[in-house]
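To start, the structure itself, in structure tokens.
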Amino acid sequence: MSRLASSLSLQISFSVLVLALVQSKLACMFWLKILINCLVLGLDTSESAKAVCGAWLSLVDNACLGVFVVELGLKIFAFKRTFFTGKDKGWNAFDFIIVVISLLGNTTLSVLRALRVFRALRLLSVLPQMRLVTEAMLHTLPSLLGVGVLLFIFYYVYAVLCVNLFGADFPQHFGSLGASFGTLFQLMIMDDFGNLVRPMAEKFAYAWVVFVSFVLIVGFVVLNLVVGIIVESINEIKERKNDKSL
């Protein structure tokens, strides 16, 4: 009985030690290794860098992957079932998936090796600020869906309008509904706006009214509405976390 009690006591002490380790400030600094790994993955795309220090890049990359795996294993051991069922179950599952993808990318196949870049996404779960922004983005999805429908309506109205107004004279831009959608998107991001609009404005004086109104409505009003929704969501999440901490 004494041996059993001693063994249980040792296991409990070890579990507490591992739990303290994964929750320590040292563990919170693991985001540095993610940045180092991102730097290595970037250098690995350069032929000149690989020619100079390719072996070192491979060594550091494998070391970072080993740290990822050990860190994940320690967390699973420390939290046990609560790793996938606790309050951070979403982020823990996210970390687990990223590590599995990283292991799949640790191969000689170029297609699978490209998966290694997904390790950079772990910054979303490690840094509290990134967690906040990511949670805000997910929280705003229902509201953004409504904005997306509104955006599509404006796009569709202007796409049909431009096909009817300019399609016959400028078929390369507005000859079909699909081409009209593509050109309007190009105008929305102000990609070569002047060179696109000027020939139409020379032939149709009202072209400026159509395109400027489109950019103002879609490019500024609707997109600023999206930014406003995200900012409001971030403030709501901050207030909610502050209330829980009180």
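The values are calculated or read from the model by the stated rules, or taken from the named source; none is laboratory data. No experiment lies behind these values; they were computed from the predicted model shown. Counting neighbours? That spans all protein chains shown, and the Cβs are built from the backbone with ideal geometry, glycine included.
Set side by side, the residues ALA51, ALA78 differ, and just one is aliphatic (A, V, I, L, M) and surrounded by 13 or more Cβ atoms within 10 Å (Cβ to Cβ), which is ALA78.
Counting only helices (runs of 4 or more DSSP H) that sit wholly inside the stretch 93-175, those with at least 2 residues that are more than 30 Å from MET200 (Cα to Cα) and either among the basic types (Lys, Arg) or modelled with pLDDT under 80 (or both) are 110-113, 123-126, 128-139, 141-166. Return a yes/no flag: does the stretch 42-51 have any residue that is part of a helix (DSSP H, G or I), within 19 Å of ARG119 (Cα to Cα) and either more than 24 Å from the chain's Cα centre (by Cα) or polar (S, T, N, Q) (or both). The answer is no; no qualifying residue exists.
Among the residues in the stretch 136-151, are any within 30 Å of ASP61 (Cβ to Cβ), aliphatic (A, V, I, L, M), in contact (Cβ under 8 Å) with a residue 12 or more places away in the chain and surrounded by 13 or more Cβ atoms within 10 Å (Cβ to Cβ)? Yes, the conditions are met somewhere in the stretch 136-151.
Yes/no matrix, rows are residues, columns are (1) exposed (fewer than 11 other Cβ atoms within 10 Å of the Cβ); (2) assigned to a helix (DSSP H, G or I); (3) touching a residue at least 60 places away in the same chain (Cβ under 8 Å):
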residue	(1), (2), (3)
PHE185	no, yes, no
ARG198	no, yes, no
GLU202	yes, yes, no
ILE217	no, yes, yes
GLU236	no, yes, yes
ASN242	yes, yes, no
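For the stretch 206-246, the tally of residues that are modelled with pLDDT of 85 or more and not polar (S, T, N, Q) stands at 11. The listed residues are VAL99, VAL163, VAL157, and the only one of them that is surrounded by 14 or more Cβ atoms within 10 Å (Cβ to Cβ), closer than 30 Å to GLY182 by Cα, out of contact with any Cys (no Cβ under 9 Å at 6 or more places or on another chain) and not acidic (Asp, Glu) turns out to be VAL163. For the stretch 187-196, the set of residues classified as within 18 Å of LEU223 (Cβ to Cβ), assigned to a helix (DSSP H, G or I) and not aromatic (Phe, Trp, Tyr) consists of LEU187, MET188, listed by residue number. Annotation for the stretch 169-178: no member residue is in contact with a His (Cβ under 7 Å, 6 or more places away or on another chain), free of Cβ contacts under 8 Å to residues at least 24 places away in the same chain and either more than 30 Å from ASN37 (Cβ to Cβ) or among the β-branched types (Val, Ile, Thr) (or both).
Across the stretch 26-70, the qualifying residues are those that are modelled with pLDDT under 80 and of a type in the set (Phe, Trp, Tyr), and the one among them that is farthest from VAL126 (Cα to Cα) is PHE30. Return yes or no: is GLN129 of a type outside the set (A, V, I, L, M, F, W, C), within 30 Å of ASN242 (Cα to Cα), without any contact (Cβ under 8 Å) to a residue 12 or more places away in the chain and surrounded by fewer than 18 Cβ atoms within 10 Å (Cβ to Cβ)? In short, yes.
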